[in-house]
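In what follows, a single structure is set out as structure tokens and then discussed.
The values are calculated or read from the model by the stated rules, or taken from the named source; none is laboratory data. Nothing here was measured: the structure is a model prediction, and the numbers come from that model. For neighbour counting, all protein chains shown are included, and Cβ atoms are generated from backbone atoms with ideal geometry for every residue, glycine included. What goes into the accessible areas is simple: the full protein's heavy atoms, side chains included, and nothing from ligands, DNA or RNA. Shrake-Rupley method; radii C 1.70, N 1.55, O 1.52, S 1.80 Å.
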Amino acid sequence: MNKHYILNLNPHAKQEWDRCTLRDPLTAKRPDFAKLIAEAVGGKPGSYLVSVQIEVEVLDKAGLPQSEQLTLSLPEIAAHSQPQELVA
């Protein structure tokens, strides 16, 4: 199950609870992870031992031009993705 959220980090926020917020991009509601996990197991009554993995991928960062978002240049990617032949 993939969900998308907007993460806002503001170390200068007046309230501590507002320094790090995670919101749904369409509704602006904060995610209820327990409810999402309950839906994933079928929502049937009972106790479940679950394993939850969170994978984070930054899709976009507001305020930066596209060129500044890249961490590897194309030559570096090509060098790491092509096998090297050994010469004896």
Fill in the blank from the handout: The answer for the net charge of residues other than Asp24 whose Cβ lies under 9 angstrom from its Cβ, with Lys and Arg +1 and Asp and Glu -1, is +4
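Which of the GluC sites (Glu not before Pro) found in the range 1-60 are in a DSSP loop and have at most 15 neighbouring Cβ atoms, other than their own, within 10 Å?
Sites meeting the loop and neighbour criteria: Glu55, Glu57.
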Exercise for the section: Would you calculate the separation in nanometres between label points at Ala40 and Leu7, each defined as 7 Å from the Cα along the Cα-to-beta-carbon direction? Expected result: 1.7
Exercise for the section: For the range 1-47, divide the Cα radius of gyration by the Kirkwood radius and give the resulting Rg/Rh value with two decimals. Expected result: 1.12
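How large is the dipole of the range 1-53 about the Cα centre if only Lys and Arg carry +1 and Asp and Glu carry -1, each at its Cβ, rounded to the nearest 20 debye? Let's see the in-between values first.
Details: 8 positive and 5 negative charges, 12 e Å.
Dipole size: approximately 60 debye.
Taking a 1.4 Å probe, which of Ile37, Ile54, Ile6 shows the most accessible area, and what order do the others take after it? Intermediate results must be reported in sequence, preceding the final value.
On the way: Ile37 60, Ile54 140, Ile6 95 Å².
Sorted descending by solvent-accessible area, the residues read Ile54, Ile6, Ile37.
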